[in-house]
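FYI, it's all coordinate maths here, none of it is from the lab. Note that this is a predicted model, so its numbers are computed, not measured. So basically every Cβ, Gly included, is an ideal-geometry build from the backbone, and we count neighbours across all protein chains shown.
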2 protein chains.
Amino acid sequence: MVWDAWGVPSGHAPLPDKIRTLLTQVFGVSGEPVARRDEGGVPLSESALKSEHAAALAAVVGVGNLSTAHGDRLRHAGGKSTPDLLRRRADGVQAAPDAVLFPADHDEVAAVLAYCSAHRIAVVPFGGGTSVVGGLDPIRDGFDAVITLDLCRLDTLTEVDPVSGTATLGAGVTGPQAERLLAEHGLSLGHFPQSFEFATIGGFAATRSSGQASAGYGRFDDMIQRLRVATPAGSLDLGRGPASAAGPDLRELFAGSEGVFGVVTAVTLRVHPVPETVARQAWSFPDFATGAAALRTVVQAGAAPTVLRLSDEVETGMNLARSHDVGGRPVGGCLAVTTFEGTAAHVAARHAEASALLAAAGGTDLGAGPADDWEHGRFAAPYLRDALLDTGILCETLETATSWSNLSTLKAAVTTALVDALTGQGTPALVMCHISHTYPAGASLYFTVVAKQLDDPIAQWQVAKRAAGDAIVASGGTITHHHAVGADHRPWMTDEVGELGVRVLRAVKQAVDPAGILNPGKLVP
Amino acid sequence: MVWDAWGVPSGHAPLPDKIRTLLTQVFGVSGEPVARRDEGGVPLSESALKSEHAAALAAVVGVGNLSTAHGDRLRHAGGKSTPDLLRRRADGVQAAPDAVLFPADHDEVAAVLAYCSAHRIAVVPFGGGTSVVGGLDPIRDGFDAVITLDLCRLDTLTEVDPVSGTATLGAGVTGPQAERLLAEHGLSLGHFPQSFEFATIGGFAATRSSGQASAGYGRFDDMIQRLRVATPAGSLDLGRGPASAAGPDLRELFAGSEGVFGVVTAVTLRVHPVPETVARQAWSFPDFATGAAALRTVVQAGAAPTVLRLSDEVETGMNLARSHDVGGRPVGGCLAVTTFEGTAAHVAARHAEASALLAAAGGTDLGAGPADDWEHGRFAAPYLRDALLDTGILCETLETATSWSNLSTLKAAVTTALVDALTGQGTPALVMCHISHTYPAGASLYFTVVAKQLDDPIAQWQVAKRAAGDAIVASGGTITHHHAVGADHRPWMTDEVGELGVRVLRAVKQAVDPAGILNPGKLVP
């Protein structure tokens, strides 16, 4: 990953002319990119890891697998939220972990945790580094030092059960690696969040990730069959069957635990054969409410496609779901995308059932084209954000979920909160929204916000983020549907689970991490 | 509920002649029922609840809602496992709660818990009284007294959201009550475990119940959107959306918590329109392995019917899935039952897809008849068990789940363990099995065991149960797929979740129930 932006260098490109023109018209910016800092010249906080601890930890993971190099520390300084990237691009000292460790396996992770627990060293688990909620911030929180545990060497497929449709993958396996490893067995995971190209199996589990094909293959937490977790108090191997009534489901306590309760080292997941057939079809709806009702009908009938999403009027108008055409000729209505995967018979049956429902609910068939466009550009949005940030535009996303009956209310409340918070600071704001994850009882809402950067764009965004979070809580949404809590959503965790819920989380934390070294400052208030 | 047997008096009938003949041939028993004890003459343990506590608790729930009457205490003395019923029918003093309380609402439950926590009184939450794992045993565990909290007055539908397809039901609502209340809104829950006629919403949640239509509507834990729980440390209201990434899913910590972490007082559940169409079809497979592979293919293709079950050769031969014909003319092969529910279009599409897969996997179409028979008698088996127990036959069930690839191994290991344990005690045993819950990654196995009762049938069964439980654990199954842990499966909980998992459960318990009054002796080792 690039240290101060998303992804790989080859993914970055200047803004197309039509977007620059649009920015000039709407926000009055030139559209000219500013120069970025040179990596080597970025000052870091001094490493606070004592040499005796460095030596002891190096003895666990091997000397070559403990790094205090400038580049390693800088690349593990945090995640990829807009505030993260703005902070990276700003002058001044970057907070960075005191060292980065690259353990080889579960036992090395467990040994590192035991050592750090005994010696007051905070530990930040690190997968693909794609957190957008401050989940990777190297917060010291009173500890003597903070190290980052990069799990990239836990990168193997250790077990495949093609009959049961399950596979065990190491925590450090990235999305593309998982698909490559599974494809050798004719299998696929089907987990395609926007972070797919860089994020890892361990990170997906620890943050309850949800991919673009969640309507068909489920959220990542739904896919988890077994979880292996290392904690300072010992190891856990959770999950003894496809389902169980043997008490509380402890997998669900460690899924979403964001490195605060332990380090996920391996996950056994539900996988499926590489789809025999893929069919795509796009639809247009006259407005968001009609489109949302149509999606609801399909999901509640048990006829969900593999991918099912709906852009609102503003997002459709901006062509945000068609990356090569963003900012191009405005389009009316609301664009929906459907994809169907599986055996030929399954795709045919499901496609026919879903299409009939969408048409009956007011959808106009747009053919495969716009759905193919979406598929083609579906991992590109974070690169576009980087180009916008470079030209003085603030661009960030946030998301929530609620019941179908509350969806319009929540969408309006969050949109109003964002627009008011930004215009109140003196800049117009563009707020776009889409549904990308659907359930029988409700759906997610994903907001993209664009405004002109003010003098302190981090503070500017924080005002908007606070307003949006408060609106979500007040309107009955969940504070996060698939981005996790990290440091950024922690202020709302008590609203989410209540005072007693927080005490339960603290009790679990105390049982597995009595010294409190695991990912301080995240998740648990 | 009858105090010493399953269900209502009208459900009980003498054994049909063909079964009596069979029992005489196989087990050498006469088939003549023995007389049962008269309820009034059953001696109970003396009530240990001090009068000052009784008065204080009566002040909370109202004088008429605290009972120390013989009949109330006897009817709350435990659940409905075979050992429970044998114990009920044996001579001697029955262990019973010191009082039975009938609170009206959440606040009264919370107030009772606060009082009992402050005064060392153990509390057993009680729904329909259908536990088959000792989950309701009035275990004192060193406390001064033990009361049972019967939730039958929390029996209302408090909220319906037809758009989102959700409804909030009180903990004491029974299965039939839930269907009646929802039917007034054109809705259905679709949760039909064998205990359906008596068990309650709170009990379903607290035990992770799974119904016969789980392939279509999911397990009960899948249906839970929101959970309201009273604990001695305060109340919880969990679940803020159809899905969330806001940390661990605490609903999954209280689902399956069996009254040990708190008392579930209300549950918001996913519901669906009363099905427009229902189609049933039965199939025959040459053997269990072929049938299981066929079911697997259907589920993994995403073409699951609403009901999907498969009896093994022995169960099919005994006609156990066709209640009016049990013990009748033996049938070869393995019977599978499918039911499809939903809109006409959905049923047609799903039925066609699933049938094609079942036929291609070696199934022979038997038409609707045997599936209708199964549907008709699907809640009758516990009554049959009572008639068998009365004639000197031991009859009990147990269940587990595992991956598809491990299914045959686990089935053989449990069958062998049961047969060996019973024949080792000098009586032949008949072990039947079916799959009644399927998942993409695996399935449940439900065993029915029949043998001749020895002098001490409880001890006789305990030997068999221990052997089966050990075999399940050794063969990688879960110790319970839908019956829960209670007192009976507690010896295997450490195998299920590990030492550290048990410590996590204890930490949660300590946070919500510091005095340890909630359902002592259950779930947590």
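Could you work out [θ]222 nm for the protein assembly as shown from helices alone, using -39500 (n - 2.57) per DSSP H run of at least four and dividing by all its residues? Round to the nearest 500 deg cm²/dmol.
-10500 deg cm²/dmol
Please identify every one of the trypsin sites (Lys or Arg not before Pro) in region A:98-195 that sits in a loop by DSSP and has no more than 15 other beta carbons within 10 Å of its own beta carbon.
Qualifying residues, ordered by number: A:120.
Using a basic spin-label model with each label point 7 Å from the Cα along Cα→Cβ, how many nm lie between residue B:180 and residue B:494?
Each label point is offset 7 Å from its Cα along the Cβ direction, giving 4.7 nm.
Name the long-range amide H neighbours of residue A:306: under 5 Å, sequence gap of 5 or more, or other chain; modelled H, no Pro or chain starts.
A:339, A:340, A:341
Take the alpha-carbon centre of region B:173-238, take the same for region A:108-177, and report the distance between them in whole Å.
Result: 37 Å between the Cα centres.
Count, for each residue of B:436-444, the Cβ atoms from other chains sitting within 10 Å of its Cβ, then give me the mean as a whole number.
6
What list of ³J(HN,Hα) values in whole Hz, one per residue of region B:142-154 in order, does the Karplus curve 6.51 cos²θ - 1.76 cosθ + 1.60 (θ = phi - 60°) give from phi, with Gly and Pro shown as x?
x, 7, 5, 7, 9, 10, 10, 9, 8, 8, 4, 7, 8
Could you give, in nm with one decimal, how far residue B:10 is from each other copy of that position, shortest first, with labels 7 Å out from Cα toward Cβ?
7.5
Among the helices of chain B (complete DSSP H runs), which have Cα atoms covering no less than 27 Å along the helix axis and a Kyte-Doolittle mean of at least 0.0?
Both cut-offs are met by no helix.
Can you classify chain B as rounded, prolate or oblate using the Cα gyration tensor, where a ≥ b ≥ c are the square roots of its eigenvalues, rounded means a/c under 1.5, and otherwise it's prolate if a/b beats b/c and oblate if not?
Judged from the Cα gyration tensor, chain B comes out oblate (a/c at least 1.5, b/c at or above a/b).
Only residues of region B:123-164 count here: report those whose backbone N is under 17 Å from the spot 7 Å along Cα→Cβ of residue B:55, or say none.
No residues fall inside that zone.
What nm distance separates the two modelled labels at residue A:408 and residue A:159, each placed 7 Å from Cα along Cα→Cβ?
With each label point 7 Å from Cα toward Cβ, the separation is 4.9 nm.
How many percent of DSSP beta bridges within the protein assembly as shown run antiparallel, rounded to 5?
In the protein assembly as shown, DSSP labels about 85 percent of beta bridges as antiparallel.
Please list A:169-177, B:470-478 highest first by mean number of surrounding beta-carbon atoms within 10 Å per residue.
Sorting A:169-177, B:470-478 by mean packing, highest first, produces A:169-177, B:470-478.
Measuring from a point 7 Å out along Cα→Cβ, what nm distances, shortest first, does residue B:144 have to its partners in the other copies?
Counterpart label points of residue B:144 in the remaining copies fall at 5.0 nm.
In what sequence, highest mean first, do A:244-253, A:403-412, A:294-303 appear when ranked by Cβ atoms within 10 angstrom?
A:244-253, A:294-303, A:403-412
Whole-Hz Karplus ³J(HN,Hα) for region B:262-273, in order, using 6.51 cos²θ - 1.76 cosθ + 1.60 and θ = phi - 60°, x for Gly and Pro?
So the J values, rounded to whole Hz, are x, 10, 5, 10, 7, 9, 8, 10, 6, 10, 8, x.
Charges at C-beta only: +1 for Lys and Arg, -1 for Asp and Glu. How large is the resulting dipole of chain B about its Cα centre, in Debye rounded to 20?
400 debye
Among A:108-114, A:415-421, B:48-54, B:207-213, how do they line up by average Cβ neighbours within 10 Å per residue, starting with the highest?
Result, highest mean Cβ count within 10 Å first: B:207-213, A:108-114, A:415-421, B:48-54.
Kindly state, to the nearest 0.05, the FRET efficiency for residue B:368 paired with residue B:329, given R0 = 30 Å and r defined as their beta-carbon distance.
0.90
Can you pick out the pairs among A:50/A:509; B:452/B:522; A:411/A:465; A:522/B:509 whose Cα atoms lie more than 21 Å from each other?
Checking Cα-Cα distances, A:50/A:509; B:452/B:522; A:522/B:509 exceed 21 Å.
Toward the positive end of the charge dipole of region B:38-113, about the Cα centre and with charges on Cβ (Lys, Arg +1; Asp, Glu -1), which of B:100, B:79, B:49 goes farthest?
After comparing all options, I get B:79.
Averaged over peptide A:399-408, how many Cβ atoms belonging to another chain are found within 10 Å of each residue's Cβ?
Other-chain Cβ atoms within 10 Å of each residue's Cβ, averaged: 5.
Given H placed 1.01 Å from N in the peptide plane, which residues other than close sequence neighbours of residue A:334 have an amide H under 5 Å from its amide H?
The answer is A:285, A:287.
Residue by residue through B:501-509, how many Cβ atoms from other chains fall within 10 Å of the Cβ on average?
6
Kindly provide the GluC sites (Glu not before Pro) of region B:127-218 that DSSP labels as loop, not H, G, I, E or B, and whose Cβ sees at most 14 other Cβ atoms within 10 Å.
B:184
If I take every Cα pair under 8 Å that is 6 or more residues apart in region A:164-273, average their sequence separation and divide by the length, what percent do I get for the relative contact order?
Across region A:164-273, relative contact order equals 37 percent.
For region B:128-275, with only Lys/Arg (+1) and Asp/Glu (-1) charged at the beta-carbon, what is the dipole magnitude about the Cα centre, in debye rounded to 20?
Approximately 220 debye in magnitude.
Let me spell out the model: positive unit charges on the Cβ of Lys and Arg, negative unit charges on the Cβ of Asp and Glu, origin at the Cα centre of the protein assembly as shown. What dipole size does that give, in debye rounded to 20?
Dipole size: approximately 180 debye.
Per q in 0.10, 0.15, 0.16 Å⁻¹, report the Debye log10 I(q)/I(0) for region A:164-273, using one uniform scatterer on each alpha carbon and no solvent.
Once normalised to I(0) and log-transformed, intensities are -0.25, -0.57, -0.65.
Could you give the length gained on full extension between residue B:63 and residue B:13, defined as 0.36 nm per residue of separation minus the Cα-Cα distance, in nm?
14.2 nm
Report the calculated FRET efficiency for residue A:37 and residue A:289 (r = Cβ-Cβ distance, R0 = 41 Å), to the nearest 0.05.
0.35
What order do you get for B:433, A:152, A:116 when you list them from fewest to most C-beta neighbours inside 10 Å?
In increasing order of surrounding Cβ atoms, one gets A:152, B:433, A:116.
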